[in-house]
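Q: Take a look at the following structure, please.
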Amino acid sequence: MIALRLFFLAAFQILVLTPIYAQTTDFQWKQVAPGVWKATVGKPENFSPLGVAGIQPATAALQKLGTPAFPKYLSGSKNELSDGKAYLRFPLVKEEQLFGLGLNFKSVQQRGTIKTLHVDHYNGKDDGRTHAPVPFYISDKGYGVLINSARYITVYAGTAVRKDSKNPPAEMNRNTQKDWSASPYSDAVEILVPAAGAEVYVFAGKDAMEVVQRYNLYCGGGTLPPKWGLGFTHRTPTLFTDAQVLKEVEEFEANGYPLSFVGLEPGWQSYAYPNSFVWDSTRYPKPKQFLDQLLQKNIRANLWINPYVSSHSPIYKKILPYSGTHTVWVGLVPDFNMKPAQDLFKGLFTERHIQLGVAGYKVDETDGYDDWLFPDVAKFPSGRSAEQIRQTYGLQFQKISSDWFREKNIRTYGLVRASNAGASAMPYVIYNDYYNHKDFITALVNSSFIGVLWTPEARSSQTSEEWLRRMQSVCFSPMAMLNAWADGTKPWTFPEVAGQVKEVMQLRMQLLPYLYSTFAQYHFEGKPPVRAMNLVEGFSFEEKIIEGKLNSTDNPYAQAVRQDIKDQYMLGDYLLVAPLFAGDRSRKVVLPRGKWYDFYTGKFVGEGETIELKNLTGVDKIPLFVRDGGIIPMIPPILHSPVKDQILPLTVRYYGSKENSWNLYDDDGETFDFERGGNSWTKLEVKKDPSGKLTGANPAAGGKSFHYNSIKWEYMTK
């Protein structure tokens, strides 16, 4: 008996008192495209962001980037399954820098952060709750990791320290050691996926830029907007009538301010919040005639919507069975995972909008907050959880709506409040109601890592200086937008800077050939149009840590502050943009390796160094710099984006002193014929003649896809 008791006691100790760990295993990587590998952990759900986006990898373009080996830095990556969740671990080396992990507004480098990636309206903290919580991080060592899951994923990006770490931090005594840190060194990224499995992708490249290119190309290549989408857009006040919109359009033209498309806010509908999706008969009695009048002026219309269906909508009763258990503003929440719901939206939107001439949509309220959207306890008839639907709702509407236009061979370009992984090819730009100018630029920088576009839209300002600075910023972003929905702001609202605002809006239009070619690079090569400096060749910046000051309430652990470059960026291959903010009297600009020149004058400004711009009081231009060999094609100032068959003269600015060439892209600017060969790439080349003088070649180019009848070279550097 005693022996039996001892046996059971021993068994109890083994089974109950001994810690039980799930089995940790290595990832089994399988190459799925050149430079791209996939591993399956556990049993992934059959619903994911990449699945919703319907990605079609651009295999040929991926092949052109080469076939790198699997990143050595990820050898030793581990995963395990426990408690119905997947635990993923990827090693880090010292000094390694991480980027990405969603659309962040405060910081660029993400090592040392913790995030729960959750679709939401941004609320002032880089904690993972944001409009595009893309679960993708990029290392400066030349690799990226994507978790393809539609769950709220928690990422410990180099913060957690395991007791079995191969590179453990030294234990320190805060009482005696002044360099004690509340955040010890961590040698891993650890990720918790609250699901029984996950798909994990690895992207390799010679540098961070090539990693981003591979991600974008695997997702189908970046979007190529219609030419009118790269013009200027003005969103009119909510309750404007057709006559008021047309009058606003006339005022833009009369005052000489460019305009390519207008946005109609909720009042275009007969019922909004929730929505009828049909035109209000008092404000827009003849929508087709109104849209035709706009188009005669070469101006398109974009309609504001959110997806929530009012009882006043003609599809309300039919879509009722295909909606969730909870409402938003008492409107039905369609379950777009069900084809009948998609078909009802497609039928209504095609008949009442697209066939009449509507060019695109602004898709609002797909992000958050929690007290506005459907809760996570909601149920949906497709069987997808509210969590999964929230993580992909904005992404899903982007996909189905862009397909409506594609079926008609029409390109669109719109706005959205929520997105996720796989969105690179979607013709939508993210926006929000948060309105911090500096943080807007940081978000613009961060968008380049995760395959989304972002606009730092202008709405209103307290001073003329702030207004000028905001308008300058939007003119160097993926969508140049003034959103006057609430207060009727105009570009000329502040007369003292009206001329400078007009000048930068006109410059945006002049740069259309450069911008369009830059977006073509996004589509065909995966290079984002806006590029964080960390993606730029020759950029070198060591992360700076400022020692934290002890404060018993605000900073009890004297945590240090991380600094990085988040207020400047590249737009395309050659333009470095250094926005100014209200109150700036000086600012520093970090120049990558090589010589750099002032965009406006062509004067040399520095070479691979940090320069300081001083005495900025009264400066009426946004600082722009061009790298040596920079080729900037421009057209004359125009009020509207070129129409399909319009032919314009081209001026090519050249900066610096070295020989160089660059490919100018063109197509009809409106259709998808460019995917079937209806495009042109024209080599712009500058060489030195026997005397050493720079001479630009005038290439022979023609055909319907080339819309320039002359090329004039302008050498900016004297």
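Condition check ((1) over 20 Å from GLN391 (Cα atoms); (2) buried (at least 21 other Cβ atoms within 10 Å of the Cβ); (3) β-branched (Val, Ile, Thr)) across all residues:
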residue	(1), (2), (3)
PRO266	yes, no, no
SER276	yes, yes, no
SER281	yes, no, no
PRO285	yes, no, no
HIS312	yes, no, no
TYR322	no, yes, no
PHE336	no, yes, no
GLU351	yes, no, no
VAL358	yes, yes, yes
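Q: Something else now. Name the pairs whose Cβ atoms lie under 6 Å apart, with the first residue in region 362-388 and in contact (Cβ under 8 Å) with a residue 24 or more places away in the chain and assigned by TED's automatic domain parsing to the domain that holds TYR322, the second loosely packed, with under 15 Cβ neighbours inside 10 Å and part of a loop (DSSP other than H, G, I, E, B), and 6 or more positions between them or separate chains?
A: As it stands, the answer is ALA378/THR325; LYS379/THR325; ALA386/ASP376; GLU387/ASP376, since those pairs meet every condition given.
Q: While we're looking at this one, here's another question. Has region 251-258 got any residue that is within 26 Å of LEU344 (Cα to Cα) and without any contact (Cβ under 8 Å) to a residue 60 or more places away in the chain? Spell out the reasoning first.
A: Applying the first criterion (within 26 Å of LEU344 (Cα to Cα)) to region 251-258 yields none.
Taking every residue of region 251-258 in turn, none turns out to be within 26 Å of LEU344 (Cα to Cα) and without any contact (Cβ under 8 Å) to a residue 60 or more places away in the chain.
Q: Okay, moving on. Tell me, which strands (runs of 3 or more DSSP E) wholly within region 615-718 include 1 or more residues that are farther than 30 Å from VAL536 by Cα, of a type in the set (Ser, Thr, Tyr) and touching a residue at least 60 places away in the same chain (Cβ under 8 Å)? Full working, then the answer.
A: Numbers: elements: 624-627, 631-634, 648-654, 660-667, 679-688, 694-696, 708-715.
Strands (runs of 3 or more DSSP E) meeting the threshold: 708-715.
Q: State which residue is farthest from the chain's Cα centre (by Cα) when the search covers only region 565-594 and only residues that are buried (at least 20 other Cβ atoms within 10 Å of the Cβ) and in a strand (DSSP E or B).
A: Per the criteria, the residue is VAL589.
Q: Separate question: Could you list, in sequence order, all residues of region 79-93 that are part of a strand (DSSP E or B), over 12 Å from VAL189 (Cα atoms) and either of a type in the set (A, V, I, L, M) or in contact with a Pro (Cβ under 9 Å, 6 or more places away or on another chain) (or both)?
A: Here is the first cut: in region 79-93, the residues part of a strand (DSSP E or B) are 79-82, 85-91.
Now drop any that are not over 12 Å from VAL189 (Cα atoms), which leaves 80-82, 85-86.
LEU81, LYS85, ALA86 - these are the residues of region 79-93 that are part of a strand (DSSP E or B), over 12 Å from VAL189 (Cα atoms) and either of a type in the set (A, V, I, L, M) or in contact with a Pro (Cβ under 9 Å, 6 or more places away or on another chain) (or both).
Q: Answer with yes or no whether LEU373 is surrounded by 20 or more Cβ atoms within 10 Å (Cβ to Cβ) and in a helix (DSSP H, G or I). Break it down into steps so the answer makes sense when it comes.
A: On the way: surrounded by 20 or more Cβ atoms within 10 Å (Cβ to Cβ): yes; in a helix (DSSP H, G or I): no.
When the stated conditions are applied, LEU373 does not pass them.
Q: Take region 138-161 and flag every residue that is aromatic (Phe, Trp, Tyr) and in contact with a Phe, Trp or Tyr (Cβ under 7 Å, 6 or more places away or on another chain).
A: Pass one, region 138-161, residues aromatic (Phe, Trp, Tyr): 143, 152, 156.
Matches in region 138-161: TYR143 only.
Q: Then there's this: Which members of region 40-76 meet the condition of being among the charged types (D, E, K, R) and not in a helix (DSSP H, G or I)? Explain how you work it out, then say what you get.
A: Looking only at region 40-76, we keep the residues that are among the charged types (D, E, K, R), and these are 43, 45, 64, 72.
Selection gives LYS43, GLU45.
Q: Would you mind telling me which numbered condition in (1) assigned to a loop (DSSP other than H, G, I, E, B); (2) crowded, with 17+ Cβ neighbours inside 10 Å ARG162 fails?
A: Condition not satisfied by ARG162: (2).
Q: Can you find a residue in region 506-517 that is surrounded by 23 or more Cβ atoms within 10 Å (Cβ to Cβ), free of Cβ contacts under 8 Å to residues at least 24 places away in the same chain and closer than 20 Å to ILE632 by Cβ?
A: For region 506-517, residues surrounded by 23 or more Cβ atoms within 10 Å (Cβ to Cβ), free of Cβ contacts under 8 Å to residues at least 24 places away in the same chain and closer than 20 Å to ILE632 by Cβ: absent.
Q: I would also like to ask the following. When you scan region 520-537, do you find a residue that is within 29 Å of MET209 (Cα to Cα) and modelled with pLDDT under 95, even just one?
A: The initial filter retains those residues of region 520-537 that are within 29 Å of MET209 (Cα to Cα), namely 520-537.
Then keep just the ones that are modelled with pLDDT under 95; that gives 537.
Yes; the residues of region 520-537 include at least one that is within 29 Å of MET209 (Cα to Cα) and modelled with pLDDT under 95.
Q: Identify the single condition in (1) farther than 24 Å from PHE476 by Cα; (2) part of a loop (DSSP other than H, G, I, E, B); (3) at pLDDT 95 or above; (4) not assigned by TED's automatic domain parsing to the domain that holds ILE430 that SER183 does not satisfy, given that it satisfies every other one.
A: (3)
Q: Looking only at residues in region 287-310 that are among the aliphatic types (A, V, I, L, M) and closer than 17 Å to ARG235 by Cα, which one is surrounded by the fewest Cβ atoms within 10 Å (Cβ to Cβ)? Give the derivation first.
A: Applying the first criterion (among the aliphatic types (A, V, I, L, M)) to region 287-310 yields 291, 294-295, 299, 301, 303, 305, 309.
Then keep just the ones that are closer than 17 Å to ARG235 by Cα; that gives 291, 294-295, 299, 301, 303, 305.
On the way: LEU291: 20, LEU294: 20, LEU295: 14, ILE299: 26, ALA301: 21, LEU303: 22, ILE305: 22.
Taking the candidates together, the pick is LEU295.
Q: Based on what the data block shows, is PHE397 in contact with a strand residue (DSSP E or B) (Cβ under 7 Å, 6 or more places away or on another chain) and assigned to a helix (DSSP H, G or I)? Lay out the reasoning, then the answer.
A: Working: in contact with a strand residue (DSSP E or B) (Cβ under 7 Å, 6 or more places away or on another chain): yes; assigned to a helix (DSSP H, G or I): yes.
Yes.
Q: Same structure, new question: Can you tell me how many residues in region 122-150 are out of contact with any helix residue (DSSP H, G or I) (no Cβ under 6 Å at 6 or more places or on another chain) and either part of a loop (DSSP other than H, G, I, E, B) or among the basic types (Lys, Arg) (or both)?
A: Total satisfying the criteria: 15.
Q: Can you work out which of the residues in region 90-136 that are surrounded by fewer than 20 Cβ atoms within 10 Å (Cβ to Cβ) and of a type in the set (Lys, Arg) is farthest from GLY422 (Cα to Cα)?
A: Among residues in region 90-136 that are surrounded by fewer than 20 Cβ atoms within 10 Å (Cβ to Cβ) and of a type in the set (Lys, Arg), the one farthest from GLY422 (Cα to Cα) is LYS94.
Q: Given the options THR455, THR489, name the one that is surrounded by fewer than 24 Cβ atoms within 10 Å (Cβ to Cβ), within 21 Å of TYR122 (Cα to Cα) and not hydrophobic (A, V, I, L, M, F, W, C).
A: Details: THR489 fails: within 21 Å of TYR122 (Cα to Cα).
Residue meeting the stated conditions: THR455.
The values are calculated or read from the model by the stated rules, or taken from the named source; none is laboratory data. All values reported here derive from a predicted model rather than from experimental measurement. No Cβ is skipped: glycine too gets one built from the backbone with ideal geometry, and neighbour counts run over all protein chains shown.
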